[in-house]
Each structure stands twice: as C-alpha cells, then as structure tokens.
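The values are calculated or read from the model by the stated rules, or taken from the named source; none is laboratory data. Worth saying up front: this structure is predicted, and the values here are computed from it rather than measured. Heads up, the Cβs are rebuilt from the backbone with ideal geometry, glycines too, and the neighbour counts pull from every protein chain shown.
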Ligand code: PNS
C-alpha cells in the first residue's frame, strides 16, 4: 500500500525550507501531497494557480510529489484524499504554540489525523515566505533561499506591480 502524507500550507511562495521538508518527508512516505490553501482572504502575493505552478515546477518530474489545492477544513481535504498524516515543518520555538493548537484542533475535528512535525535543515530555520518577499522587495539576495523558478517569478511579479 502506498504511504501518503499531506503537506499543507499557503506557500506564498514555496521556499527552500518547504522544499527541504518535502525531501525529508519523501524518506518516510511514498507520496507527498502538497496542499495549497485556496484562501483569497489571506491576500496572497501569488494567486492559488501561480503558487501551485511554482511548486509543480520546483518538483518537475518528481512522481512522489503531487500538488493540489484545497479550501475549507484541512481534515476534510485529508479524508477526501484518503490520507491520515499531515506534515508540518517546525522551525523554532516560536512556531510551536500555533502548530500545537492547530494539531490538536485537527485531532479534535478528526481523530484519524495525525500531525507529524519535521525540522528543516538549520540553514532554513529562520526562513519564511514573508521574509523572502520582504528581502527581495528591498533588494536583498534570496538566491539560496528559494528555487530558481520562484526567484524569477518574484522578479516578474514586482516588475509588474511597479509598472
Ligand atoms: O503555511 P501556513 O499559512 O502556516 O498554513 C496554514 C494552513 C493552511 C495549514 C492552515 O491555515 C489550514 O489548515 N487551513 C485550513 C482551515 C482549517 O482546517 N482550519 C482548522 C485547523 S487550524
């Protein structure tokens, strides 16, 4: 039987920290379903379609990674995909409280769902999508922090926004 896990998030945009967690997840699971939250209320920089496309490009030709969108409850998305494990990355103590709350809420909503926390490489433990966007916008170098397709997409996005 195929061992599957869901890795949910906003991915606005995907960073090397996310990529690192997916690669680690692949050591445990045969398939990682990356669940991109479709929630316009969060006012993302990249549309849901753009976020999905960037992840697909970052994992082009990788059969073990599937990218899907979801809206509504994560536990429903998991159930719909016949998956009982949700992977979340834990970077620092500061992530813990929110992640703990979310994991226990998801367990309350569905007792079948287990949350698996994974630590990214230390070099990505300070990294977030928001930080990447800010640094890029202010002219900082993000080369080692995101897949090349994301750097290009950020360049295009800010070029268009500044027109
Ligand atoms: O990358 P993020 O923004 O930290 O991801 C958060 C995400 C998408 C995993 C979370 O907001 C989520 O699961 N949203 C779906 C709604 C839901 O199920 N809420 C109840 C659990 S808190």
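Provide a single number: the residues in region 53-70 that are closer than 19 Å to residue 28 by Cβ and either exposed (fewer than 14 other Cβ atoms within 10 Å of the Cβ) or within 10 Å of the ligand (Cβ to nearest atom) (or both). Within region 53-70, residues that are closer than 19 Å to residue 28 by Cβ and either exposed (fewer than 14 other Cβ atoms within 10 Å of the Cβ) or within 10 Å of the ligand (Cβ to nearest atom) (or both) number 2.
How many residues are part of a helix (DSSP H, G or I), modelled with pLDDT of 95 or more and away from the ligand (no atom under 11 Å from the Cβ) when one looks only at region 22-52?
Of the residues in region 22-52, the ones part of a helix (DSSP H, G or I) are 22-26, 40-42, 48-52.
Filter again for modelled with pLDDT of 95 or more, leaving 22-26, 48-52.
From the residues that got through so far, the ones that are away from the ligand (no atom under 11 Å from the Cβ) too are 22-26, 48-50, 52.
Residues that pass the stated criteria total 9.
Picking from residues in region 1-21 that are over 15 Å from residue 157 (Cβ atoms) and near the ligand (Cβ under 10 Å from one of its atoms), the one that is surrounded by the fewest Cβ atoms within 10 Å (Cβ to Cβ) is 10. With the condition kept exactly as written, say whether any residue in region 38-56 is closer than 26 Å to residue 119 by Cβ, without any contact (Cβ under 8 Å) to a residue 40 or more places away in the chain and within 13 Å of the chain's Cα centre (by Cα). Yes, region 38-56 contains at least one residue that is closer than 26 Å to residue 119 by Cβ, without any contact (Cβ under 8 Å) to a residue 40 or more places away in the chain and within 13 Å of the chain's Cα centre (by Cα).
One line per residue, one yes/no per condition, for (1) within 13 Å of the ligand (Cβ to nearest atom); (2) outside any helix (DSSP H, G or I); (3) within 16 Å of the chain's Cα centre (by Cα); (4) modelled with pLDDT under 95:
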residue: 72; (1), (2), (3), (4): yes, yes, no, no
residue: 101; (1), (2), (3), (4): yes, no, no, no
residue: 108; (1), (2), (3), (4): yes, no, no, no
residue: 145; (1), (2), (3), (4): no, yes, yes, no
residue: 154; (1), (2), (3), (4): no, no, no, no
residue: 159; (1), (2), (3), (4): no, no, no, yes
residue: 163; (1), (2), (3), (4): no, yes, no, yes
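Of all residues assigned to region 135-147, at least one qualifies as being touching a residue at least 40 places away in the same chain (Cβ under 8 Å) and either loosely packed, with under 15 Cβ neighbours inside 10 Å or over 17 Å from residue 11 (Cβ atoms) (or both).
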